[in-house]
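These notes concern the structure reproduced below.
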Amino acid sequence: MGPTWWNGEAIWKAVQQPFPGNLLDIPLYWGSWPMCWTIIGIAVVLLELGYVLAWNGKTFRNLIYLATIAMHAGIALTIGLYHFSALMIWYNLCAWYYPYRTQTSYPIHNAPLGHVAPDAASTVKKASIQYKERR
């Protein structure tokens with residue numbers, strides 16, 4: 001909240017905190033480039049607001065979750081918040097990355113509907129409608 005995200009001060013203050021576990025130190029002379037920190041601050045705000053675009057299709061979803069993973073990896077390396085970053089990367093992968101989702105809401109028209117197939121324990125499953133994977 002506040003104007004510090006729009007002028008880059010929030011990002012600069014975050015990377016200059018004396019956290020003991022960071023792997024990459026940001027030198028003080030980088031503070032003489034305020035336009036760089038302003039662009040990063042605005043990019044973070046726009047990325048967080050861009051979660052709405054992740055619902056519009058796979059192209060935006062991939063862009064959003066890859067940029068979010070990169071942002072949290074940067075937080076881990078420069079600020080040293082490893083547990084926070086790992087948790088946020090995990091949450092974003094759970095929210096936006098769908099390798100396990102193979103069924104959608106429209107049926108395959110050339111497949112038999114309601115077939116019965118035994119499972120691994122040789123018990124009969126209830127009949128269900130097959131669905132085609134959306135690509």
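All of the numbers you see were taken from the coordinates with simple rules; none came from a lab. For clarity, every value in this text was computed on a predicted model and none was experimentally measured. Every residue, glycine among them, receives a Cβ derived from its backbone with ideal geometry; neighbour counts consider all protein chains shown.
Annotations
- Two-site label geometry, ASN7 and TRP30: point separation in nm, points 7 Å out along Cα→Cβ: 2.1 nm
- LEU47-ASN62 pseudo-label distance in nm [points 7 Å out on the Cα-to-Cβ vector]: 1.9 nm
- Coarse-grained scattering of the stretch 41-81 at q = 0.35 Å⁻¹, given as base-10 log I(q)/I(0) from a Debye sum over alpha-carbon atoms: -1.11
- Estimated FRET transfer efficiency when R0 is 41 angstrom, pair GLN17-CYS94 (beta carbons, to 0.05): 0.90
- Distance cut-off 22 Å, percentage of C-alpha pairs in the stretch 1-103 lying past it: 38 percent
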